[in-house]
Amino acid sequence: MKLTEVLEITGATCVAGEHLDTVEVNHAFASDLMSDVLAMSRPDTLLITGLTTPQTIRTAQMLDLPAILVVRGKDVPQDVADLARTTGIVLLATHEIMYVASGKLYARGLSG
Amino acid sequence: MPLEQSVEALRYLGLFSNLDASSVMSTAVHALHPEDRVAAARILMREKSISGVPIVDADFRLVGLISVSKIIEALADGRLADSVDSVMTRDVISLHAHDTFETILSCFQRFKFGRFPVVEEDGRLVGMITDTDVLSAIIRSFYSVYVHDQRRTMTLGSFSALSKEFENSADFVYGISCTGLENAGEGSARLKAFLQTKGFGESVVRRASVCAYEAEINVCIHAGGKGSLRAIARNGEIIVRVEDEGPGIENIDLAMKEGWSTATDAIRELGFGAGMGLANIRRFSDHLVIISGKDKPTKVEMIFLADKE
Ligand SMILES: Nc1ncnc2c1ncn2[C@@H]1O[C@H](COP(=O)(O)OP(=O)(O)OP(=O)(O)O)[C@@H](O)[C@H]1O
Ligand SMILES: [Mg+2]
């Protein structure tokens, strides 16, 4: 699934990153605890999380994840957005809660 | 293997540097005074199954020792009713409470006695060390070593052999220093960038980075944020070592369990404390050694083999 589709399905906006139509994810993983995320190792995964600390970006960076979807309409601090930009990770933000955002993406074919 | 050689081997491993005489000794000590009778020493030895009794003055300062052989001599000479003072050894080889494990071992090697009294600076007796005490200290300290490898001793051997290498010629060195979590993970990010320049495959670099990251975060949330992250990356192998300054892990086997965590709610708010970090490290590394203990530094060494994938 292209990130442009993720935007459209979850009504998200793009906080950092560009050329969303060229970035593709085949799976998604949702958690607020980073070690749960780190237990999984599949690079082409979208990280869905409510956590907006620098470690959210670092976690994605370690796992080679291309994109993060921040849920619950959380404000993304400037330094976190900057870190996403410098590490080349696309950062999206939606007002949907984690359950709904995940459900909508799953229903449209983005598997776990 | 003769005892002396295995003792050499243990010392070489340097794994028991955490142990000093005060942590090895037994403190339930039975002592007598110089004016007590030899017969009393004999009864004490028989009832407590001990092979030597330390003799102390009124202030509990060590003044002598009476061993089984002295009792046998006294028995032969019919001197059981004499005072301990008249038969005891006065030049007792004793240890100090803060003597290192190595000193203890060499004491056992040099003087072929079965037990050594342990004294404080002022000469007061605080404990005794027998070979059984040494053995149980070694066994206890294995609870503070975790080795994720069947070839336990070989891995441990390489751990200590690599220590010098890490000191003198690590390929990558990063000083961990964080008060909160702000820059936690920066070291691992740099390590990852470094490994990518070394021509390692994507997947081994990912495994090494994830594990380094988990260990770095642990230093930041559990160990006061001061430590180091080093790596040696050669010959198709990435060896990562993360060290901190304590407070250490009391029971490593417990800490390795998925879901076991001492993290507070405040830490969980920051996205950590699932109790998955060490389990992840075990899963993604090819060899793993953790050395720690209560009030000790924690050292985590992980090896990643490039050709495993
Ligand atoms: N460097 C360390 N110093 C002291 N204690 C540690 C250290 N690393 C781990 N621990 C202890 O071991 C426990 C388990 O560690 P582990 O990394 O598996 O989980 P966690 O850090 O609590 O949570 P998570 O890693 O999932 O965010 C910790 O809760 C802590 O008590
Ligand atoms: Mg952890």
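Side notes on the structure shown:
- Cα-based shape type of region A:52-112, given that a ≥ b ≥ c are square roots of the gyration tensor eigenvalues and the cut on a/c is 1.5: oblate
- Lys/Arg +1, Asp/Glu -1 at C-beta; region B:3-142 dipole; positive extreme among B:65, B:31, B:50: B:50
- Summed side-chain charge close to residue B:59 - residues other than residue B:59 whose Cβ falls under 14 Å, Lys, Arg +1, Asp, Glu -1: -2
- Here the sum of -39500 (n - 2.57) over DSSP H runs of 4 or more residues, divided by the residues of chain A, equals -10500 deg cm²/dmol at 222 nm, to the nearest 500.
- Within region B:20-78: Cβ-based charge dipole about Cα centre, in debye rounded to nearest 20 (Lys, Arg +1; Asp, Glu -1): 200 debye
- Pair-distance profile P(r), taking every C-alpha pair of chain B, with 10 angstrom steps and integer %: 6, 23, 24, 17, 13, 10, 5, 1, 0
- Projected area, mean over directions - region A:3-107, Cα convex hull, nm²: 5.5 nm²
- Peptide B:174-187 has a mean of 2 when you count, residue by residue, the C-beta atoms of other protein chains within 10 Å of its C-beta.
- Taking all Cα-Cα distances within region B:162-220, those exceeding 17 Å account for 44%.
- Loop GluC sites (Glu not before Pro), region B:21-93, which have at most 12 other Cβ atoms in a 10 Å radius of their Cβ (DSSP): B:35
- Over 25 Å apart at the Cα level, from the set B:192/B:257; A:2/A:74; B:164/B:226, are B:192/B:257.
- All distinct Cα pairs of region B:146-308 go into the 1/r average, and the inverse of that average, the Kirkwood radius, is 15.7 Å.
- Exercise: per-residue mean of other protein chain Cβ atoms within 10 Å, B:215-222: 1
- Peptide A:41-49 - average C-beta neighbours from other chains (10 Å radius): 1
- Around the Cα centre of chain A, unit charges on the Cβ atoms of Lys, Arg, Asp and Glu (plus for the first two, minus for the last two) sum to a dipole of about 200 debye.
- Considering every alpha-carbon pair of the protein assembly as shown, the percent of pairs per 10 Å bin, from zero through the bin containing the longest distance, is 4, 19, 22, 17, 12, 10, 8, 5, 2, 1, 0.
- Sum of -39500 (n - 2.57) over DSSP H runs of 4+, divided by residues of chain B (222 nm, nearest 500): -12000 deg cm²/dmol
- With a cut-off of 10 Å between beta carbons, the residues surrounding residue B:96 carry a summed charge of -4, where Lys and Arg count +1 and Asp and Glu -1.
- Check: the protein assembly as shown dipole with +1 on Lys, Arg Cβ and -1 on Asp, Glu Cβ, in debye: 740 debye
Bear in mind these aren't lab numbers, they're just calculated from the coordinates by the rules spelled out. Keep in mind that what you see is a predicted model, and the values were worked out from it rather than measured. Cβ coordinates were reconstructed from backbone atoms using ideal geometry, including for glycine residues, and neighbour counts include every protein chain displayed.
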